[in-house]
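The values are calculated or read from the model by the stated rules, or taken from the named source; none is laboratory data. Just so you know, these numbers come straight off a predicted model, no measurement behind them. A quick note on method: Cβ atoms are made from the backbone with ideal geometry, for glycine too, and the neighbour counts reach across all protein chains shown.
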Amino acid sequence: MKLNRRSFLQGLGLGAISALAARASLPALPPFGTLSDDAFWRAVRAQYPLSDDPVYLNTGGLGPASQRVLDAVDATMRQLQEHSETGHNLLEPARETMARFLGAAADEVCFVRNATEGNSIIAAGLGLRAGDEVIFESHAHPGGSFPWLNQARLHGVVVRLFEPDPASPEANLARIRALVTPRTKVIQVSHITCTTGLVFPVAAIAEFARARGIWFHIDAAQSVGMIPVNLREIGCDSCAFSGHKWLGGPHETGVLYLRHDRLDAVALTGAGAYSGELARLPGEIKDFNAASRHEYGTRNAGLIVGLAEAVSLQEQIGRARIAAHGGALAAGLIQELSRIKGIEVLTPRSESLRASITTIRHARADAGKLFGYLLGKHRLRCRPVTEQDLGAVRISTHVFTSRAEVERTISAVRAAAHDL
């Protein structure tokens, strides 16, 4: 039974309770400019059923979904269950929405469960052999490092790490260049590091890699939804990110972008219905000519519809506006926290090298102690940063974060510097 989203929902006669009408249950988000700046962001905050206690400052770990997203997921899943349909064709409108958001073509978008799964498809699918080399930064999240470390364990792939430079994009490119050898097959970076919020010069790295025939993959878990991202302009070969962080999509959603002219370079590491065609057995699978060949079997269409709704909300708010709001709050944090004796700000000071993440370290207290103090005494939910023994705490500022919450955070860190 072939369905498209509109005809499916209309055909069921569900009218106003459909996923397309879910947003009607909320107060309308006013156009930017019709309210004061603070009033606009309060209206944005009203879109989220997020508790005020504790103050949530961990979007870099997990982003809350808006009510619009929750309603879209609920309505779609109910409709599909009531009519016992997979809703597989509902993925295509969602794919087109995501492609436009990323500056990509729909056939370059594959829906996955998270960034880790997308990274793993690339790591396993490129067919690297013993002695082939992969370069990535030492601050990579386990979801970005483990897929390559697993290839090292299984096939003898050589992993080469560089330490990020917090002060210079040119220095980071130079550190990558210094590790390149004739055996280098892949360069991967986090678009924005999960540790300190450093922004890598991904377009320059893409140009460097392309000139040398090296595959360039981006782990964009910390950038998509935080800042505008146009993958065609960046020029990478592949990119993976989670939908459940800065985008505010449902849990267990994500995207793998695979540039169309590089599609056949990544072998299928799993296959089944929807990844290709086969007339009859025995025979040879004819892979679909799209990144979606890496999707197989029945998927939870309700979650993907919810992810598309999250994208729609971000577009309504405005991607540049989102980046400016979160970045301004982070800038205020950095300015004030850097003045507190006993507190070290690890996030780059340069605006071109940071966005909406602020990472701090206490001179006397480890990450767990500082995290526990901020949560237990001041009701601030941050995230301890233990990667590379940094012993720090990360603060994420996003669309639902207010200036008052930032001021509260500054006061709490000032108290931590005194008390711990």
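Restricting to segment 154-173, name every residue that is within 30 Å of Gly125 (Cβ to Cβ) and either basic (Lys, Arg) or in contact (Cβ under 8 Å) with a residue 40 or more places away in the chain (or both).
Looking only at segment 154-173, we keep the residues that are within 30 Å of Gly125 (Cβ to Cβ), and these are 154-164, 169, 172-173.
If the condition is that a residue be within 30 Å of Gly125 (Cβ to Cβ) and either basic (Lys, Arg) or in contact (Cβ under 8 Å) with a residue 40 or more places away in the chain (or both), then Arg160, Pro169 are the ones that fit.
Evaluated against (1) closer than 15 Å to His217 by Cα; (2) among the polar types (S, T, N, Q); (3) buried (at least 22 other Cβ atoms within 10 Å of the Cβ), Thr116 falls short on exactly one condition, (3).
Please work out if Ala123 is more than 15 Å from the chain's Cα centre (by Cα), modelled with pLDDT of 95 or more and surrounded by fewer than 23 Cβ atoms within 10 Å (Cβ to Cβ). Judged against the criteria, Ala123 is not a match. If you check Arg259, Arg319, Arg293, Arg339 for being in contact with an Asp or Glu (Cβ under 9 Å, 6 or more places away or on another chain), basic (Lys, Arg) and at pLDDT 95 or above, only one passes: Arg259.
Please specify each residue of segment 386-405 satisfying the condition of being polar (S, T, N, Q), under 14 Å from Thr193 (Cα atoms) and surrounded by fewer than 24 Cβ atoms within 10 Å (Cβ to Cβ).
Of segment 386-405, the ones polar (S, T, N, Q) are 386, 388, 396-397, 401-402.
In the following step, the residues that additionally are under 14 Å from Thr193 (Cα atoms) were identified as 386, 388, 396.
Residues satisfying the conditions are Thr386, Gln388.
Condition (residue is of a type in the set (Ser, Thr, Tyr), modelled with pLDDT of 95 or more, in a loop (DSSP other than H, G, I, E, B) and more than 16 Å from the chain's Cα centre (by Cα)) applied to segment 48-59: is it met by at least one residue? Yes, segment 48-59 has at least one match.
Check whether at least one residue in segment 159-166 is in a strand (DSSP E or B), at pLDDT 95 or above and charged (D, E, K, R), and report yes or no. There is at least one residue in segment 159-166 that is in a strand (DSSP E or B), at pLDDT 95 or above and charged (D, E, K, R). Scanning segment 175-230 for residues that are more than 29 Å from Ile360 (Cα to Cα), touching a strand residue (DSSP E or B) at 6+ places or on another chain (Cβ under 9 Å) and touching a residue at least 60 places away in the same chain (Cβ under 8 Å) yields Val186, Trp215. State whether the residues of segment 366-376 include one that is outside the structural domain of Thr97 (by TED's automatic domain parsing) and in contact (Cβ under 8 Å) with a residue 60 or more places away in the chain. Scanning segment 366-376, I find at least one residue that is outside the structural domain of Thr97 (by TED's automatic domain parsing) and in contact (Cβ under 8 Å) with a residue 60 or more places away in the chain, so the answer is yes. You will find that of Leu50, Leu62, Leu91, the residue that is among the hydrophobic types (A, V, I, L, M, F, W, C), touching a residue at least 12 places away in the same chain (Cβ under 8 Å) and in contact with a helix residue (DSSP H, G or I) (Cβ under 9 Å, 6 or more places away or on another chain) is Leu91 and no other. Within the set Phe32, Phe101, the sole residue that is at pLDDT 95 or above and either buried (at least 18 other Cβ atoms within 10 Å of the Cβ) or in a loop (DSSP other than H, G, I, E, B) (or both) turns out to be Phe101.
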